[in-house]
Amino acid sequence: MRTHVVDHPLVTHKLTYLRDETTDSPTFRRLADELVTLLAYEATREIRVSPKEINTPVAPTTGVKLARPKPLVVPILRAGLGMLDGLMRLLPTAEVGFLGMIRNEETLEASTYAERLPDDLSGRQCYVLDPMLATGGTLAAAIRFLVDRGADDITAICLLAAPEGCDRLEQELSDIDIPITVVTAAMDEKLNDKGYIVPGLGDAGDRLYGVAD
Ligand code: URA
């Protein structure tokens, strides 16, 4: 597994305001959206393309177009939805599937409660959107779900990551022999005893959409 922390002053600037507890929900949503677009630029560095012949007004030349099958974007519900528009801005022709994963707050284990994905993901590059790579349980389960359906290249885009989550992904996915990449705006210090990232930004779903009990 490859982890890429995007080290760019604009990313850190937006992340700082995102972390700030005084940032309200509308501003949080806008900043998350902008931050994802910046992360997506790095995350799509290895996106597959095929040659495309065109004529400029001056001469014929060969460029590239996105290869088929189309990349699949998979936001993990609910907080991953807040990252979808930011990614689709760069990849408007990608397909979108949905995966609902919930974390048991006591055991911290993840389980699937909803999915809308193609049955066959053979040969698909997948971009998984999950804002917080905390314990790693949700993301590990989501990645395995996609690999079991045939996905052969997975990039997870996370606003923030914790070392514990990255270690768990490394361990739990060590048997998987396809490229797996995590792209994040920062590798934070640690998890607290409730499984929150420290310093983090709090509950990403609540900050995006409010508390839904
Ligand atoms: N999920 C969140 O929303 N925040 C954290 O810090 C950890 C998991």
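The values are calculated or read from the model by the stated rules, or taken from the named source; none is laboratory data. Model, not experiment: these values are computed from the prediction. Every residue, glycine among them, receives a Cβ derived from its backbone with ideal geometry; neighbour counts consider all protein chains shown. The area values use the complete protein model at the heavy-atom level, side chains included, leaving out ligands, DNA and RNA. Shrake-Rupley method; radii C 1.70, N 1.55, O 1.52, S 1.80 Å.
Select from the stretch 122-133 the residues that are open to solvent by 10 Å² or more (accessible area, probe 1.4 Å) and within 15 Å of the ligand (Cβ to nearest atom) and list them in ascending order.
Those that are open to solvent by 10 Å² or more (accessible area, probe 1.4 Å) and within 15 Å of the ligand (Cβ to nearest atom): ASP130, MET132.
Here's the yes/no breakdown for (1) open to solvent by 50 Å² or more (accessible area, probe 1.4 Å); (2) free of Cβ contacts under 8 Å to residues at least 40 places away in the same chain; (3) within 11 Å of the ligand (Cβ to nearest atom); (4) within 14 Å of the chain's Cα centre (by Cα):
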{"site": "LEU87", "(1), (2), (3), (4)": "no, no, no, yes"}
{"site": "THR107", "(1), (2), (3), (4)": "yes, yes, no, no"}
{"site": "THR112", "(1), (2), (3), (4)": "yes, yes, no, no"}
{"site": "ASP120", "(1), (2), (3), (4)": "yes, yes, no, no"}
{"site": "ALA140", "(1), (2), (3), (4)": "no, yes, no, yes"}
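Hey, can you tell me all the residues within the stretch 142-179 that are without any contact (Cβ under 8 Å) to a residue 12 or more places away in the chain and not acidic (Asp, Glu)?
GLN171, SER174
Show the residue pairs meeting these rules: Cβ distance below 9 Å; 6+ apart or different chains; first residue within the stretch 192-213 and under 22 Å from ARG168 (Cα atoms) and open to solvent by 30 Å² or more (accessible area, probe 1.4 Å); second residue assigned to a helix (DSSP H, G or I) and within 11 Å of the ligand (Cβ to nearest atom).
PRO199/ARG19; GLY202/ARG19; ASP203/ALA79
Hey, GLY100 hits all of (1) crowded, with 19+ Cβ neighbours inside 10 Å; (2) within 16 Å of the ligand (Cβ to nearest atom) but one; which does it fall short on?
For GLY100, the exception is condition (1).
For the condition closer than 20 Å to ALA40 by Cα, of a type in the set (A, V, I, L, M, F, W, C) and at pLDDT 95 or above, what is the one hit in ILE154, ILE197? Quick ask: steps written out before the conclusion?
Numbers: ILE197 fails: closer than 20 Å to ALA40 by Cα.
One residue alone meets the criteria, ILE154.
Being open to solvent by less than 10 Å² (accessible area, probe 1.4 Å) and within 16 Å of the ligand (Cβ to nearest atom) is the filter; apply it to the stretch 148-165 and report the residue that is farthest from PRO199 (Cα to Cα).
The extreme case among them is ALA156.
Out of THR44, THR61, THR22, THR56, I need the residue that is over 16 Å from the mean Cα position of the chain (by Cα) and either surrounded by 12 or more Cβ atoms within 10 Å (Cβ to Cβ) or under 30 Å from LYS194 (Cα atoms) (or both). Which one?
Details: THR44 fails: over 16 Å from the mean Cα position of the chain (by Cα); THR61 fails: either surrounded by 12 or more Cβ atoms within 10 Å (Cβ to Cβ) or under 30 Å from LYS194 (Cα atoms) (or both); THR56 fails: either surrounded by 12 or more Cβ atoms within 10 Å (Cβ to Cβ) or under 30 Å from LYS194 (Cα atoms) (or both).
Residue meeting the stated conditions: THR22.
Taking the criterion of being within 23 Å of THR27 (Cβ to Cβ) and either surrounded by fewer than 21 Cβ atoms within 10 Å (Cβ to Cβ) or without any contact (Cβ under 8 Å) to a residue 12 or more places away in the chain (or both), would at least one residue in the stretch 89-96 satisfy it?
Yes, the stretch 89-96 contains at least one residue that is within 23 Å of THR27 (Cβ to Cβ) and either surrounded by fewer than 21 Cβ atoms within 10 Å (Cβ to Cβ) or without any contact (Cβ under 8 Å) to a residue 12 or more places away in the chain (or both).
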